[in-house]
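J.: Mind having a look at this structure? Questions to follow.
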Amino acid sequence: MPRRRGLLEILRLFIGRAFHAMFMLRDKVKGYISEHDLVLSLNENVMIVGRADAIKVAEGKAHIIERKSSKAPRKGAWVSDIIQAGAYGLMVARNYRPQEITVEVRYPTASRVFKFDSRLSALVLKAIDDYLLVKKNGILPAAKRGRRCNSCPYREACFLLDLEGEEAKNLEEPGSWLIDIDTIEEQ
């Protein structure tokens with residue numbers, strides 16, 4: 001369902017790009033590779049691709065930085081941000097094989113550091129599994145309803161797709177496990 005971007009959205013994208021560009025020189029001085037493309041083939045049919053904001057792999061350790069221009073939650077990181085950063089962790093783990101990986105989500109006012117472990121790996125792989133169900137079978141993911149729905153350009157089409165009654169009770173939609181998770185906290 002293509003749509004045109006509004007002026008505010010275009011402005012926010014520009015500000016986000018400028019935000020990331022400000023840190024590239026600093027990253028280079030500190031030994032990080034900025035905007036590094038990562039690719040991982042999970043099997044013959046599934047490949048994940050991403051571009052980490054900054055990565056440093058040295059002496060058996062890897063540190064991944066994902067920068068966000070949005071406001072940080074009070075505790076932890078937004079679940080979507082940690083899944084994105086965790087996907088980079090999975091790609092680095094499989095491609096570089098370091099003994100230890102940390103992923104850091106940096107917000108303008110806070111930084112959250114996570115150890116890439118089996119818990120984070122499982123979270124990422126579960127999200128990928130759900131994405132595959134959505135993509136391959138045309139199943140719509142569970143939608144988290146809230147205030148943001150009021151300004152969404154897809155609001156009407158999305159609400160028409162909601163199931164009701166017994167159908168809704170007996171169906172576990174892809175992504176439904178994420179509905180009640182807003183943030184993930186460091187351990």
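J.: Can you give the calculated 222 nm mean residue ellipticity of the chain, where each DSSP H run of n ≥ 4 adds -39,500 (n - 2.57) and the sum is split over every residue, rounded to the nearest 500 deg cm²/dmol?
T.: Helices in the chain give a 222 nm mean residue ellipticity of -12500 deg cm²/dmol.
J.: Any chance you could give the angle, 0 to 90 degrees and rounded to 10, that helix 7-29 forms with the longest Cα principal axis of the chain?
T.: 20 degrees
J.: Taking Cα atoms of the chain, Rg/Rh with Kirkwood Rh, to two decimals?
T.: 0.99
J.: Now for a different question. At R0 = 30 Å, how high is the FRET efficiency between Phe14 and Lys136 if r is their beta carbon distance? Nearest 0.05 is fine.
T.: 0.30
J.: Tilt of helix 79-96 relative to the longest C-alpha principal axis of the chain, in degrees (0 to 90, nearest 10)?
T.: The two axes meet at around 50 degrees.
J.: Please calculate how many Å² of accessible area the stretch 68-187 carries per residue, with a 1.4 Å probe and no DNA, RNA or ligand atoms counted.
T.: So the stretch 68-187 comes to 66 Å² accessible per residue, rounded to a whole number.
J.: Reachable lysines from Lys115, Cα under 17 Å, same-chain residues fewer than 8 places away excluded?
T.: Lys56, Lys61, Lys75
J.: When ranked by the protection proxy of mean other Cβ atoms within 10 Å per residue, highest first, what sequence do the peptides 84-94, 40-50, 121-131 form?
T.: Per-residue mean Cβ counts within 10 Å order the peptides as 84-94, 121-131, 40-50.
J.: Hey, another quick one. Report in % the part of the accessible area of the chain that belongs to carbon and sulfur, leaving out ligands and nucleic acids; probe 1.4 Å.
T.: It is 54 percent, rounded to a whole number.
J.: Let me cross-check Lys75: its accessible surface, 1.4 Å probe, with only protein heavy atoms counted, in Å² to the nearest 10?
T.: Result for Lys75: roughly 130 Å² accessible.
J.: Along the Cα→Cβ direction, 7 angstrom out, place labels at Arg94 and Lys71. What is the inter-label distance in nm?
T.: 3.7 nm
J.: Size of the dipole of the chain about the Cα centre, Lys and Arg at +1 and Asp and Glu at -1 on the beta carbon, nothing else charged, in debye to 20?
T.: 940 debye
J.: How much FRET efficiency would the formula 1/(1 + (r/R0)^6) give for Ser118 and Asn150, where r is the Cβ-Cβ distance and R0 is 30 Å, rounded to 0.05?
T.: 0.20
J.: Which angle from 0 to 90°, rounded to the nearest 10, does the C-alpha axis of helix 118-137 make with the longest principal axis of the chain?
T.: 40 degrees
J.: Moving to a separate point now. Over the stretch 88-165, what is the relative contact order in percent, taking alpha-carbon pairs closer than 8 angstrom and at least six residues apart?
T.: It comes to 16 percent, rounded to a whole number.
The values are calculated or read from the model by the stated rules, or taken from the named source; none is laboratory data. Owing to the predicted nature of the structure, the values given are computational and were not obtained by experimental measurement. Note that we place each Cβ from the backbone using ideal geometry, even for glycine, and neighbour counts take in every protein chain shown. Protein only, heavy atoms only, side chains kept; ligands, DNA and RNA dropped before computing areas. Shrake-Rupley method; radii C 1.70, N 1.55, O 1.52, S 1.80 Å.
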